[in-house]
Amino acid sequence: MLTAIVAAALLQALWLEPPASVPLDREDLDGFAYDIAGAPDLDGDAFEDLLVADPDPRLDADARGGFWVVSGRTGARIAHVEGPAGRGWFGVSVGWLGTRSAGEKPAFAVGDVASYPIDSLFEDRNQGQTGVVHLVTIDGEELGRIANDPPRKRFGRSIVATADLDGDGARDLVLPVGSPKPDGVLGSIRVRSGRSLREIHPIAAAVPSIDFESNVVVTSNAIPDFGHLLACASAHDGIFLRRTVQLHRLAAKTSLHLQIEGRQGEADFGDCVADLGDLDGDGWPEIGVGIPMRYGPSVRGADERGAVRIFSSRTGAVLRDVRCPRERYRFGAAIAVRAARAGEDGPVLIVASAPRVESSAPGDTPELYEFSARTWEPIRVRSLEGRGGQRLVVLRGTDGSQRIATSRCDCDTSGAPGAVTIFSDDPSVSPLIVTRATLTAHNSVK
C-alpha cells in the first residue's frame, strides 16, 4: 500500500504541470493530419482511400474542426466534412465505420474532445468537460453519437474502427478512455457495437492510463477457436519506469490473455502497438511494440537506440528486436506491415524514425525504414523531409499495388502546417504531398 502511495505521489509531482515547450495559448497551431486512417475505395478508382483529421486548435469561439476524405491513388480531395460551430476539436480522430444497417449511408466515426488534448491533461477547468464520438455521413449528416460516460476522461481523442466483433454484420468501435492525470484513476477501453452503439466488451480498470493515440489495436483477423485480440499499452509504474502491453481476448467473455513487460529504463515501451499479421505461420498474429526512446534511456546503461520489439501473441515470447540503425532517433513511433512485392521474399515491416529534438544535428530528418520480415535486414530507407513519421497507413489497390501514407502534425509543439506523404510502389515516382492547401486548391474528384 505504501509503495502505491509513493508511486502516485511521484507521478503527480512529475505530471502536475505541462512541459514548458507545450504552447497552451497559441493561435497559429495547425491541426491538419492529427490523425489518419484507411477507408475502402470511395471514389471508384480501384484503390483504397485515406481519412485525414483536421481539428481547428484556435481558441476562437467559432472554431470548427473537420476531416478530409482523400484519394489514395492521387492525393486529391474526395470530400470535406465539418463539425458543429464552436467545436474546434471535432476531427481530432477519425475512423471508417461503413454501412451500419440496410438502406443507411456509410458512416465515419469522428472524435470531438472538449479542448486542446494536451491542455486537457493538466487544466482543472477541463475536468468537467466531456468528449463525444460522432457518427456522420460523407455529406455531414449525423447518424448518432456516443457521449463520454464519466467526465474527467479524454474520451474521443482516439478511435479504432475495427472488424465486426459481435456478429451483427457491422464494423465496431474501440474507444480508449484515458485518465487526464496519473492520480490513481484507472483508464479503460470501451468496445461499442457500430450498429446499436451498445457496449459489447467493457475492459475496465485494466489499463492504468492511456496517454497516446496510437497504442491500442485490434487484430484484423480472428484467431480460429479463439477470436480477436485487443492489444494496449499501460502507463509506467512511476518508480521503475516500466510499462506493459496487455493482450485481451475479445470473445463472449472478455479476458486478459497476456501481459508483456517492458525492460527497465524503457519508459516509451508501447508508444505504438501494431498488428503485424501472422509472420511465423502458427495461426496467431505477431504484435509489434514501439520503443522510440524519445528522451533517451531513463536508466543508465539501457540501449540508446529506439526499437520495435516483436512478440508472439500466442505465447508472449520475444521473436525479434529490430533496432534503429542510427543513434538518438525516435525509431518505432509508428509501425505498419505491407505485403511482399515482386522479388521480395515475404512481408515487409515499416517503421517511422525521427531525430530527437534535444540531440538532433543539422540535416537530420525523419526517415521511413522498410525491413524484410524474413531476414530483418533493411531493404529501403526513405527521407520524409519533415512531412511524416507520426502515423502510418498502408493503402491497397485491386491490382495488388500498395501505397504507404504517413502523416505529421506538430500542433503540440509548433505552428508548422501538418502534412501527409503518400509513397507509391515505384521508388522512382515522387511521393504525393497532401496539405490543407493542396486540398482546398482543387475541386472534389467526385
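Please treat every number below as a calculation from the coordinates, not as lab data. Quick caveat: nothing in here was measured; it's all calculated off a predicted structure. Here Cβ is always computed from backbone atoms with ideal geometry, including for glycine, and neighbour counts include all displayed protein chains.
Distances between placed amide hydrogens fall under 5 Å for His201 paired with Val191, all partners being 5 or more residues away or on another chain.
With a cut-off of 18 Å on the backbone N, the residues of region 370-398 near the modelled label site 7 Å out from Asp364 along Cα-Cβ are 382-390. Return the distance in nm (one decimal) between the two label points of a simple spin-label model at Asn221 and Ala251, each offset 7 Å from Cα along Cα→Cβ. With each label placed 7 Å out from Cα toward Cβ, I get 1.9 nm. Maximal additional length on extending the Ala61-Ala317 stretch stands at 87.0 nm, based on 0.36 nm per residue less the C-alpha distance.
With R₀ set to 41 Å, the beta-carbon distance separating Glu142 from Asp282 gives a calculated FRET efficiency near 0.40.
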